[in-house]
């Protein structure tokens, strides 16, 4: 047993209102620079929808993630090492800027500098890439709230199988939910494995996957290998960039920017202990539908004395072990088992999990003429939800609808029970028993999911004190600056290339 | 430069201009090449990249880049054979001058045409695609013309003299001069009589060597051969705190 700690995230999709505050604050923090205008380390997608970049979930096309070869060995879907080196000159599976969108800015100057006239001056969009006026035809969340769904949503790669016909056919009874996405900081990261330079790595201490900007040589294989398409090429610096899980904040014991600013309070951060020796085996599980349990099998119980002893031996500090025991992520993933990974079939063992959305279930009970307090009626309603179980299963359980149904019934039972309690009744524990919860557990889960206090959602232990010297040094520098000597000492600070030409072309035109 | 003083007694037979062009300029360029690389590697890891523009334009690149790179590999291999290996060696292993010449012309033509076609497409996309053109930095504006000039002069020299011309044995002149530079016995007189196209090709090539460390060409030295042998998963610890206790920053970032 080789114990490692990972800072992981869970998102409660029932509470996401699609406000994009996480995306915007993330962008302002990390990608408001030239070269990564199109990069969204965090984005919020409307589902069903094609996602960002377009149809990124279609791995037959984009070749992301891992697969099992004919002999059952785990291989990167984009090919072996030799094939990867042979495609260095031109990567056949790299999304182009059209698959993302052409970033634009606006002629704001025109608003204040336009000559007097009878019409209001307007700020026309201009391509950031060419400096020329352009029409905006796509964006990172073009389909927000099902916008353009009649034309586009059918392209959602998750809409496969017979049940998908039903979704399109009854489109007037449509459904949608929001799916915030960021780097999954996988246990078995395909991007790291595909990086020819060895510039990408997973941190031993907290599992955060990062790109060493000094070692990256711009071979762009990580972009192809990541099935979530959460590594981006900075087209100005020629290097790969990705979500950093806000590691400077995490090291200081603070939640990531996306979590901190989440209006719906739907994000949870906490530690998970895992056995690094079992990662490869779990990722090679033959049946895709067993991957969820295989990944759960990699996680370790932070209360198990053997695990604690092995963790101490691995150098994991006591305050981290304590944080692992208080981790809301462990509770949601392992104890209550209501969180599921996004696309486990990619075999990267992702570490951002989701509590699937429960569309208005009690309305569904009423609509079906059922009794809201009757568990049988309520559970039956789960299978008739507007969001088809099959669709959620494509996203969260490699197509196994029973897994999703189990989670939704647990959430339904919790809702039904707590509703009775809140209304001053005793609450029917039979409902809870049916889904394997005790009254105390229901109260705790309700507190975690519905009350969702800040200190319950974010249990982030600060990086250990012995590292303080190194961290102090880190804090003083800009995360995107070149490493090395202090800038003030040598004056050899390497600035990010800002193409002045582009900037100039955006101004000065009427 | 002490290189000039190293020139042999035959120096009397060549003019000062020849000394400058065929001894001083090559040594200066090679010195810039070496020192430039050391400087760049130590000072600018962040800028050391292929600077890929495939994200912005991929249709031309799809054909142009592999053609150029694979052609370049063959061309470089051909140059190594033609310049570094004396003709007496190839004859000693039983390769006649005629056989060598025929092979060199055929293989060289294929490689040369591939490289020129590929480079042409890469230059075309850089000029014609506005997105790529605006992403072109100063070093590219030096590199692309210099590389193109070297390649075009090289293939023109071969075509004019060895494919369509009477045949020119550069191995007894240009190659002798080239080897002389590296064994520190410069023989400028060997290249003085060579055709102009060969001379110009040699000169632009040395200028290219001088420009090399300051352009994206440095990515050549980062060819990721080690990837074939390394474990798939890379774990790394956060920057080691004890590595440099006296200094304010550790040597490598942990990004």
State which residue is nearest to residue A:75 (Cα to Cα) when the search covers only region A:273-287 and only residues that are in contact (Cβ under 8 Å) with a residue 40 or more places away in the chain and surrounded by fewer than 18 Cβ atoms within 10 Å (Cβ to Cβ). A:284
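What residue, among those in region B:53-68 that are within 7 Å of chain A (Cβ to nearest Cβ) and within 19 Å of the chain's Cα centre (by Cα), is surrounded by the most Cβ atoms within 10 Å (Cβ to Cβ)? Break it down stepwise before answering.
Residues of region B:53-68 within 7 Å of chain A (Cβ to nearest Cβ): B:53-56, B:58, B:61-62, B:65-66.
Narrowing the set further to residues that are within 19 Å of the chain's Cα centre (by Cα) leaves B:65-66.
Working: B:65: 23, B:66: 17.
Across region B:53-68, the extreme among qualifying residues is B:65.
So which residues in region A:365-409 are over 20 Å from residue A:340 (Cα atoms) and touching a residue at least 24 places away in the same chain (Cβ under 8 Å)?
Within region A:365-409, A:372, A:373, A:375, A:378, A:381 meet the criteria.
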Evaluate region B:69-79: report whether one residue or more is at the interface with chain A (Cβ under 8 Å from one of its Cβ atoms) and more than 20 Å from the chain's Cα centre (by Cα). no
For a quick check of your reading: which helices (runs of 4 or more DSSP H) sit entirely within region A:1-94 and have at least 2 residues that are at pLDDT 95 or above and closer than 29 Å to residue A:359 by Cβ? A:21-30
Just give me the residues in region A:224-257 being more than 30 Å from residue A:67 (Cβ to Cβ), part of a helix (DSSP H, G or I) and in contact with a helix residue (DSSP H, G or I) (Cβ under 6 Å, 6 or more places away or on another chain), in sequence order. A:251, A:257
Search result, residues across region A:341-367 that are at pLDDT 95 or above, out of contact with any strand residue (DSSP E or B) (no Cβ under 8 Å at 6 or more places or on another chain) and not in a helix (DSSP H, G or I): A:343
Determine which single condition residue B:114 fails, assuming it passes every other condition in (1) closer than 26 Å to residue A:93 by Cβ; (2) facing chain A (nearest Cβ under 10 Å); (3) in a helix (DSSP H, G or I). (2)
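If a residue counts only when it is more than 23 Å from residue A:463 (Cβ to Cβ), which helices (runs of 4 or more DSSP H) contained entirely in region A:280-340 have at least 2 such residues? Spell out how you get there, then give the answer.
Details: elements: A:291-298, A:305-313, A:318-325.
Fully inside region A:280-340 and qualifying: A:291-298, A:305-313.
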List the residue pairs whose Cβ atoms are under 6 Å apart, where the first residue sits in region B:64-79 and is modelled with pLDDT of 95 or more, the second is not in a helix (DSSP H, G or I), and the two are 6 or more positions apart or on different chains. B:65/A:89; B:65/A:90; B:66/A:89; B:66/A:90; B:69/A:89
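Considering only residues that are in a loop (DSSP other than H, G, I, E, B), free of Cβ contacts under 8 Å to residues at least 40 places away in the same chain and over 18 Å from residue A:334 (Cα atoms), which ones fall in region A:421-438? Working first, answer last.
Taking region A:421-438 and keeping what is in a loop (DSSP other than H, G, I, E, B), we get A:423-428, A:435-438.
Keeping just the survivors that are free of Cβ contacts under 8 Å to residues at least 40 places away in the same chain gives A:423-427, A:435-436, A:438.
A:423, A:424, A:425, A:426, A:427 - these are the residues of region A:421-438 that are in a loop (DSSP other than H, G, I, E, B), free of Cβ contacts under 8 Å to residues at least 40 places away in the same chain and over 18 Å from residue A:334 (Cα atoms).
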Condition check for residue A:98: in a loop (DSSP other than H, G, I, E, B), buried (at least 17 other Cβ atoms within 10 Å of the Cβ) and out of contact with any strand residue (DSSP E or B) (no Cβ under 9 Å at 6 or more places or on another chain): no
Quick check: is even one residue across region B:22-36 in contact (Cβ under 8 Å) with a residue 40 or more places away in the chain, touching a helix residue (DSSP H, G or I) at 6+ places or on another chain (Cβ under 9 Å) and within 14 Å of another protein chain (Cβ to nearest Cβ)? no
Any chance region A:497-509 includes a residue that's part of a helix (DSSP H, G or I), facing chain B (nearest Cβ under 10 Å) and either modelled with pLDDT of 60 or more or buried (at least 16 other Cβ atoms within 10 Å of the Cβ) (or both)? yes
When region B:155-184 is examined, which residues are found to be more than 14 Å from residue B:85 (Cα to Cα) and outside any helix (DSSP H, G or I)? B:164, B:165, B:166, B:167, B:168, B:184
Sole exception among (1) away from every other protein chain (no Cβ under 14 Å); (2) surrounded by 16 or more Cβ atoms within 10 Å (Cβ to Cβ) for residue B:172, by number: (2)
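The values are calculated or read from the model by the stated rules, or taken from the named source; none is laboratory data. Note that the structure is predicted; figures quoted are calculated from it, not measured. So basically every Cβ, Gly included, is an ideal-geometry build from the backbone, and we count neighbours across all protein chains shown.
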